[in-house]
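Quick notes on the structure that follows.
The values are calculated or read from the model by the stated rules, or taken from the named source; none is laboratory data. This one's a predicted model, so the numbers in the text were calculated from it and none came from an experiment. Counting neighbours? That spans all protein chains shown, and the Cβs are built from the backbone with ideal geometry, glycine included. What goes into the accessible areas is simple: the full protein's heavy atoms, side chains included, and nothing from ligands, DNA or RNA. Shrake-Rupley method; radii C 1.70, N 1.55, O 1.52, S 1.80 Å.
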Amino acid sequence: MCIKCECSSPTPLYKGSEPIPADAIVLFDGKDLSNWVKRGSDDPAEWKVQNGYMEVVPGTGDIVSKQKFYDCQLHVEFWLPLMADARGQARANSGVYLQGRYEVQVLDSYGLDSRDDDCGGIYKLVAPMVNACRPPEHWQTYDILFRAPRFNEHGVKIEAARISVLHNGVWIHNNVEIHQPTGGEIDHNYAEPGPILLQDHGDPIRYRNVWVRSLCL
Ligand code: MG
């Protein structure tokens, strides 16, 4: 048990004081959802904010960052509830989408032989190299480097999206190509920038300390 904040993680609760890169855009600093809206609208995000984290309120929908990105580095921390009676995709499901179109799965896959729809999978496309999951009720991290797909002047895709992912500090994807959206994408304007999207899959997942660097890779 963390003595600072009484969460079950040995990582102290983010208080907005950790060093982050000077060029980072802080999308969530533990205080409010002012940088987010409900998916597909300009309406305020309805997820709960307390104790420095946001939590999915099931049924209120996915949330998206107001700001949109092409290439970027994303840091996000997530916490999964223990859903002991649930199995597979029903066990603490959420997701982090790059450009609103490419999902890095968030799921309780602790101890499993990870497949492409498990935690860290590029959903249904690429399995993580290794299972780097911590148990539920522990804070976990994703550090993601995303290169948006490239299109020529006729709108024809000439380079696939690429992604590298560190899960809890462990490389689970190294510059892998993503040849198509992973499903549930925000739109079909694939050449356009897109938001960071956090998925409401019906389970009370928590997120904190979300920041992005807008890059040109
Ligand atoms: Mg998901």
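Only four residue types carry charge here, +1 at the Cβ of Lys and Arg and -1 at the Cβ of Asp and Glu. Report the dipole size of the chain about the Cα centre in Debye, rounded to the nearest 20. Walk me through the intermediate numbers first.
Values: 21 positive and 29 negative charges, 53 e Å.
Result for the chain is approximately 260 debye, rounded to the nearest 20.
Legend: calculated FRET efficiency, Asp187 to Leu82, from the Cβ-Cβ distance at R0 = 35 Å, rounded to 0.05, equals 0.50.
What is the extension gain from Ser214 to Asp42, computed as 0.36 nm multiplied by their sequence separation minus the C-alpha to C-alpha distance, in nm to one decimal?
On the way: separation 172, 0.36 × 172 = 61.92 nm, distance 2.23 nm.
Additional length available on full extension: 59.7 nm.
An ellipsoid equivalent to segment 140-217, defined through the eigenvalues of its Cα gyration tensor, has semi-axes of 24, 17, 12 Å when rounded to whole angstrom and sorted largest first. Among the trypsin sites (Lys or Arg not before Pro) within segment 17-65, those in coil by DSSP and having at most 13 neighbouring Cβ atoms inside 10 Å are Lys31. Put +1 on the Cβ of each Lys and Arg and -1 on the Cβ of each Asp and Glu in segment 120-191; which of Ile172, Ala160, Ile122 then has its Cα farthest toward the positive end of the dipole? Toward the positive end, the furthest listed residue is Ile172. Each other residue within a Cβ distance under 14 Å of Asp200 adds +1 if Lys or Arg and -1 if Asp or Glu, for a net charge of -2. Accessible area per residue (1.4 Å probe, heavy atoms of protein chains only) ranks Val210, Val126, Val156 as Val156, Val126, Val210, with the largest value leading.
Taking loop as defined by DSSP and a crowding limit of 13 other beta carbons within 10 Å, which GluC sites (Glu not before Pro) in segment 104-211 fit? When the GluC sites (Glu not before Pro) of segment 104-211 are filtered for loop state and at most 13 Cβ neighbours within 10 Å, Glu153 remain. In units of the compact-protein estimate 2.2 N^0.38 Å, the chain shows a Cα radius of gyration of 0.96.
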